[in-house]
Amino acid sequence: MTDFLLELRSEEIPARMQVKAKEDLARLFNDALTKAGLSAASVEVFATPRRLALIATGLPLATEAVSEETKGPKVGAPPQAMEGFLRKSGLSQDQLVERDGVYYAVVEKAGRQTADVLAEAIPAIIRAFPWPKSQRWGAASVSTESLRWVRPLQGIVALLGDAVVHCDIDGIVSGAETMGHRFHHSGAITVGNAGDYIEKLRAAYVLVHFSERCRIIRDGAKAAAQAAGLTLVEDEGLVIENAGLTEWPVPMLGRFDAAFLDVPQEVIQLTARVNQKYFVCHDSTGKLANAFVCTANIDAHDGGAAIVAGNEKVLAARLSDAKFFWEQDLKVALDSQAQKLAQITFHEKLGSVADKVERVAKLSRWLVEEGIVKGATADAAERAARLCKADLVTGMVGEFPELQGIMGGYYARAQGESDAVADAIRDHYKPVGQGDDVPTAPVTVAVSLADKLDSIAQFFAMGQAPTGSKDPFALRRSAFGVLALLQTNNVRFDIAAILAGLINFIGPEESVMDITKRRFWSQSWNQIQIGYAWDKPHNAYPEPLESTPKIIGELQKFFADRLKVQQREAGVRHDLIDAVFSLGGEDDLVRLLARVKALQAYITTAEGANLLAAYKRAANILKQADGAEKTSVAPAQAGAHDVSQSKTTDEIGSSLRWSDADLGGDESALRTALDAAEPKAAAALSVEDFEGAMAALATLRAPIDAFFEGVMVNDPDPAKRAFRLGLLARFRDAVSRVADFSKIEG
């Protein structure tokens, strides 16, 4: 057994590609070994800006001999079949082995030297490497058959034990020599074997372990800030990026002019992070300090003074630009900026961004006026909505698109808007993904909901629903945002009804649906139009789009799917979600989730599990009875009568009038329990007390268990059988009003 080292040295590999490149190298190498019948005890991969490397331990020096057997035609098969098999196997008929009337081609393959296997595998791995972007270079690049790599490939180290594995790809010949740090080490380094590779490169100022470079950056940046009496704003993504940019990282603290702190801190942080890859710091009060930490790729003789000075100069230029944008944008009122939105197309079929703002403003106002979003004023909601996209045309957002919304909030506050309006402008995009903060300020909730609901409804109406992995308008993310807003803020409304109304807001030549045809809409909804005269007579509105019912069905399924995904990630069982969804007719997502959570809390108890088992047993018995008598069984009511064999169990069960004297103890107990539990469960459901409904059902557990234990349901007497089936049907239906227990696993 021996170890193998492979290093592929090139010009700088982009930091964002290094982690995936390590995974791809390990995968391609292991696939090549498996194909050759080899396996390594372990495979470790490394990535620095200038090299991608791999060390495999415990490789055998040769593969084992193998015998490959291929089944051929039967003895006596047509000559054509035999001729084809012989051509395929490369053997003659007398070389075939006959066994049980079938010919087999048995080929003995001798073992191969591992070095030979690797010599073939290395060029294949390099040519098949799946870089997101790659290039050709040099004179050979005129041919499309020339080598492609992420950056020009400069050298290959391939050592099996102490011996070089010889291979050649486009004139690059493998060997044992590599290069150290670009500035700290000159000349070639001869690697003896895989065992001394890491330490020889360390001596040449190259740390091949990505995790080691991350640790040095993380700890060094924190120490540099602490030495200046500051606190580092930790950023693991920035740690990883700097580790991908350096082979010998050295964190250093720099300063910038405190006058720049007048610029919003998000601008400073984004300028430092995105443009320069710097960490920022907080002072003792928790405010942004005029300091940053950069990561050099060199251990400078002057302690890094020149490097810090250079970085300070570059950051000052960047912050000067940001300060200029900030000051210029403040000179233009947001109302004036908002007027420019008419020049920006939102979607070719949905008009401009100004058209979208109009829709969002009127829906925001309506949500507040109807009391759906409580605690806000309609004027504030509409005002925030009309200004929420205005910062899209500012110089700052043009330079830093990531600051949309955030800058609008700053401009609004600076120009005298209320805190509620400014906060709503700032946060109306939230939540932008799983784990993001969910707004709770009423004005923000109204604008955020309106913005997301409008986008979802309009794009579905345009036939632009997400398909598979494609979601160009981020509608799934918008749906997650809507769900999070509704749940966090306990917002209650019929989501299907609102979407139905929005779908008909297509453009200025079309109008809203006839509100009188929907019980949900109040008269105030008449004012929610896009580009229509507000005094248009209500009875002049046309019918909704003919496709509206179909689109609403798609939207309901879309939201149901998003809710299932969201709740599964939150630890809610998928079968319980299905059990509640199967009830149908539930468009209040807050109420639906309350039902799901109550069901999960109950069904995971021993009592709930037993009730579920009883339900499934009852449902199976009823199903069998229905199949046997081709009838459905309805709940049995009290009463006894003339019984005929020709009547259905439905008719029999409802016509019987039984006294307690006619019933067995277990039957009487179950009927009494049902008489008490059904109204209690119904009353609890009517006030959305789902825990109370579960508690009412829990009282049925003991009597239903006793019923199954002591009663023969399929009694030869049709009257008794019908009555007992009726009791089971009542039990089944009582449970089914809470959830479809047939969907629950267990």
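The values are calculated or read from the model by the stated rules, or taken from the named source; none is laboratory data. The shown structure was predicted, so the numbers you read here are calculated from the model rather than taken from an experiment. Please note: Cβ atoms are built from the backbone with ideal geometry, for glycine as well, and neighbour counts cover all protein chains shown. The area values use the complete protein model at the heavy-atom level, side chains included, leaving out ligands, DNA and RNA. Shrake-Rupley method; radii C 1.70, N 1.55, O 1.52, S 1.80 Å.
Things to note:
- Of all residues in region 121-167, those satisfying the criterion of being without any contact (Cβ under 8 Å) to a residue 40 or more places away in the chain and outside any loop (DSSP other than H, G, I, E, B) are GLN135, ALA139, ALA140, SER141, VAL142, VAL164.
- Pairs, first open to solvent by 50 Å² or more (accessible area, probe 1.4 Å) in region 295-318, second assigned to a helix (DSSP H, G or I), C-beta under 6 Å, six or more apart: ARG318/THR271; ARG318/ASN275
- Members of region 695-716 that are in a helix (DSSP H, G or I) and within 14 Å of TYR615 (Cα to Cα): LEU697, ALA698, ARG701, ALA702, PRO703, ILE704, ASP705, ALA706, PHE707, PHE708
- Test: residue in region 109-130 that is crowded, with 18+ Cβ neighbours inside 10 Å, touching a Pro at 6+ places or on another chain (Cβ under 9 Å) and more than 30 Å from ASN242 (Cβ to Cβ): yes
- Given (1) surrounded by fewer than 20 Cβ atoms within 10 Å (Cβ to Cβ); (2) more than 20 Å from ALA606 (Cα to Cα), index of the condition LEU727 fails: (1)
- Residue list for region 675-699, filter: touching a residue at least 60 places away in the same chain (Cβ under 8 Å), open to solvent by less than 50 Å² (accessible area, probe 1.4 Å) and farther than 13 Å from TYR602 by Cα: none
- Evaluation of LEU663 against (1) open to solvent by less than 30 Å² (accessible area, probe 1.4 Å); (2) modelled with pLDDT of 80 or more; (3) not aromatic (Phe, Trp, Tyr) (one fails), failing number: (2)
- Members of region 476-495 found to be part of a helix (DSSP H, G or I) and either at pLDDT below 75 or open to solvent by 30 Å² or more (accessible area, probe 1.4 Å) (or both), listed by number: ARG476, ARG477, PHE480, GLN487, THR488, ASN489
- PHE85 vs. criteria out of contact with any helix residue (DSSP H, G or I) (no Cβ under 6 Å at 6 or more places or on another chain), touching a residue at least 12 places away in the same chain (Cβ under 8 Å), part of a helix (DSSP H, G or I) and over 26 Å from PRO130 (Cβ atoms): yes
- Selection status of THR34, open to solvent by 70 Å² or more (accessible area, probe 1.4 Å) and either more than 30 Å from VAL239 (Cα to Cα) or assigned to a strand (DSSP E or B) (or both): yes
- Flag for LEU59 being more than 29 Å from TYR104 (Cβ to Cβ) and either among the small types (Gly, Ala, Ser) or without any contact (Cβ under 8 Å) to a residue 60 or more places away in the chain (or both): no
- Residues of region 177-189 classified as part of a loop (DSSP other than H, G, I, E, B) and closer than 13 Å to SER10 by Cβ, total: 1
- Restricting attention to region 194-208, the residues being part of a helix (DSSP H, G or I) and either in contact with a Ser or Thr (Cβ under 8 Å, 6 or more places away or on another chain) or open to solvent by 50 Å² or more (accessible area, probe 1.4 Å) (or both) number 7.
- Residue that is most open to solvent (accessible area, probe 1.4 Å) [pool: residues in region 63-80 that are modelled with pLDDT under 80 and not in a strand (DSSP E or B)]: GLU64
- Remark: ALA259 falls outside the filter, which requires a residue to be more than 30 Å from LEU59 (Cβ to Cβ), in a helix (DSSP H, G or I) and open to solvent by less than 20 Å² (accessible area, probe 1.4 Å).
- Extreme residue, nearest to the chain's Cα centre (by Cα), among residues of region 184-193 that are farther than 14 Å from TRP248 by Cα and open to solvent by 10 Å² or more (accessible area, probe 1.4 Å): ASN193
- Among the candidates VAL45, VAL19, residue that is at pLDDT 95 or above, within 30 Å of the chain's Cα centre (by Cα), closer than 21 Å to ALA243 by Cα and among the aliphatic types (A, V, I, L, M): VAL45
- Restricting SER211, SER174 to those that are open to solvent by 40 Å² or more (accessible area, probe 1.4 Å) and either in a strand (DSSP E or B) or of a type in the set (Ser, Thr, Tyr) (or both) reduces the list to SER211.
- Residue count, region 37-62 (criterion: assigned to a strand (DSSP E or B), in contact with a helix residue (DSSP H, G or I) (Cβ under 8 Å, 6 or more places away or on another chain), more than 14 Å from HIS209 (Cβ to Cβ) and open to solvent by 20 Å² or more (accessible area, probe 1.4 Å)): 3
- Count - residues of region 159-175 that are of a type in the set (A, V, I, L, M, F, W, C) and farther than 24 Å from TRP137 by Cβ: 5
- The residue pairs whose first member lies in region 349-371 and is farther than 15 Å from ALA384 by Cβ, whose second member is assigned to a helix (DSSP H, G or I), and whose beta carbons are closer than 6 Å, counting only pairs six or more residues apart or on different chains, are LEU350/GLN458; SER352/ALA342; VAL353/LEU341; ALA354/LEU341; ALA354/ALA342.
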